[in-house]
Amino acid sequence: MYAAILAGGVGTRLWPRSRQSQPKQFSDIVGSGRTMIQATADRIAGLVAPNDLYVVTGLPYAALAAEQLPEVPTTQIIAEPSGRNTGPAIGLACVHIRQRNPQAVVAFLHSDHVVLDPAAFRAALQQAEPAAQAGYIVTLGIEPTFAHTGYGYIKRGIPLEGLSQDSSTVYSVEQFLEKPDRTTAESFLEEGGYYWNGGIFVCRVDVMLEEFSRQLPELAAGLARIDAALARSRDAADPIFHATFNEVWPTLPSISIDHGIMEHAQNVATVPLDAGWNDVGSWDALEAILEQDESRNFVAKGGLLPLESHGNIVYTDKEVVALIGVENLVVVDTGDTLLIGDKQQMQKVKDVVEYLRSQGRSELL
């Protein structure tokens with residue numbers, strides 16, 4: 001099995017730790033001692049060899065990716081000149097991997113997810129591999145733990161026989177569903193057979209490229225030009241290849257893999273995943289990942305001295321943060337910036353980022 005880690009994006013909702021100079025995937029958000037992209041590579045160790053691992057990231061972050069993942073050949077760190085969403089990013093990874101193995105099975109992973117049970121995650125990928133070999137695009141369906149309204153959902157269909165040792169682990173996909181309201185999400189959990197869509201896919205590169213040709217012919221044509229230029233050069237560092245790549249890339253439509261491919265793809269399957277998954281979309285998400293102390297506080301990094309303070313989340317570069325008589329706050333201290341806010345209003349962090357951008361404070365972004 002090959003793997004492609006998608007490492008684009010800036011992650012503004014995790015400001016001030018996530019910055020333009022070092023987005024969240026290149027930071028240690030949860031205090032594990034490893035950055036998020038390193039943890040992503042760690043959890044597939046033993047299943048995917050470093051020589052079979054690819055990274056797709058923005059051009060400004062290629063050197064950072066190489067520094068943090070020294071085991072990955074630098075020729076397999078693919079730099080996008082500009083962000084074009086997950087559709088072109090996955091297509092670009094397919095084109096590069098296709099040069100080595102036209103029918104390679106690839107796991108497409110996100111660099112900014114947290115998985116508390118890596119063994120269960122690897123097992124799900126292994127369960128998905130036979131179905132991918134058989135021509136299915138397999139998505140890992142995240143077992144929902146509550147009625148989340150911020151995720152799309154996958155409705156499973158019937159079990160697919162003969163695609164794994166346990167026939168109950170691979171199902172057809174009946175439908176992809178948009179982010180629901182609270183009542184609808186609760187009905188999904190009550191009925192059962194619905195999963196969060198975490199955007200984790202396993203498939204053969206030729207199958208995915210065929211779907212691009214069928215559903216997104218304009219994007220497929222651009223990828224074919226990049227593919228042909230790469231085949232001629234046999235070296236992604238070749239100036240002739242880069243001339244074609246830089247010409248074609250800005251013309252590709254910017255579209256997500258979900259809307260562009262998955263919602264209407266043929267032969268889609270799902271493997272349930274129960275591995276403590278979280279996409280850490282905002283600071284309050286750390287509450288579901290970190291252990292709480294005796295006062296129900298959560299510390300991702302640094303030291304905390306809580307006096308009659310409960311339910312707070314703390315990430316600090318300081319040795320100690322003292323909290324007195326406060327509840328349900330998020331405190332993030334990164335040296336040059338300090339964020340303090342209500343845990344229930346962390347979606348407004350993006351408003352802070354937009355304000356700083358409007359004031360020309362790029363050094364803080």
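Table for the structure above
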quantity	calculated
J(HN,Hα) series, region 144-151, from Karplus relation 6.51 cos²θ - 1.76 cosθ + 1.60, nearest Hz, glycine and proline x	x, 9, 7, 7, 6, 9, x, 10
222 nm mean residue ellipticity, helices alone, for the chain (DSSP H n ≥ 4; -39,500 (n - 2.57); rounded to 500)	-8500 deg cm²/dmol
Formal net charge of residues neighbouring ASP351 (Cβ-Cβ distance under 12 Å; K, R +1; D, E -1)	+3
Percent of beta bridges antiparallel (DSSP, region 2-278, rounded to nearest 5)	50
Cut-off 12 Å between beta-carbons: net charge of the residues surrounding PRO50, Lys and Arg +1, Asp and Glu -1	-3
Proximal lysines relative to LYS155, as straight alpha-carbon distance under 30 Å, when same-chain residues fewer than 8 apart are discounted	LYS179
Burial order of peptide ranges 68-79, 13-24 (average beta-carbon count within 10 Å, highest first)	13-24, 68-79
Neighbour-count order for ASP333, ASP206, ASP342, fewest beta carbons within 10 angstrom listed first	ASP342, ASP206, ASP333
Inter-part distance where region 313-334 and region 218-268 are each reduced to a Cα centre, Å	45
Among (i) 65, 42, 38; (ii) 53, 52, 40; (iii) 63, 51, 37, the entry derived from the coordinates for Cα extents along the principal axes in Å	(iii)
Leading residue at positive end of dipole, region 223-334 (Cβ point charges), from ASN278, ILE257, PRO306	ILE257
Rounded to whole Hz, the Karplus (6.51, -1.76, 1.60) HN-Hα couplings of region 77-94, x for glycine and proline	9, 9, 9, 7, x, 7, x, 10, 6, 6, x, x, 4, 5, x, 5, 4, 4
Region 86-132: equivalent-ellipsoid semi-axes (sqrt of 5 x gyration tensor eigenvalues, Cα, Å)	22, 15, 7
Residue order, fewest to most beta carbons within 10 Å, for ILE313, ILE255	ILE255, ILE313
Among GLY135, GLY303, GLY199: highest mean-square fluctuation, GNM of the chain, C-alpha pairs under 10 Å	GLY303
Degrees between helix 205-215 axis and first principal axis of the chain (Cα, 0 to 90, nearest 10)	90
When region 283-364 is reduced to its Cα atoms, the Kirkwood hydrodynamic radius in Å	13.3
Whole-angstrom gap from region 161-215 to region 335-356, using each part's C-alpha centre	34
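Taken together, the values in this text are just the output of simple stated rules run on the coordinates, not laboratory data. Not measured: the values here are computed from a predicted model. Neighbour counts run over all protein chains shown; Cβ positions are idealised from the backbone, glycine included.
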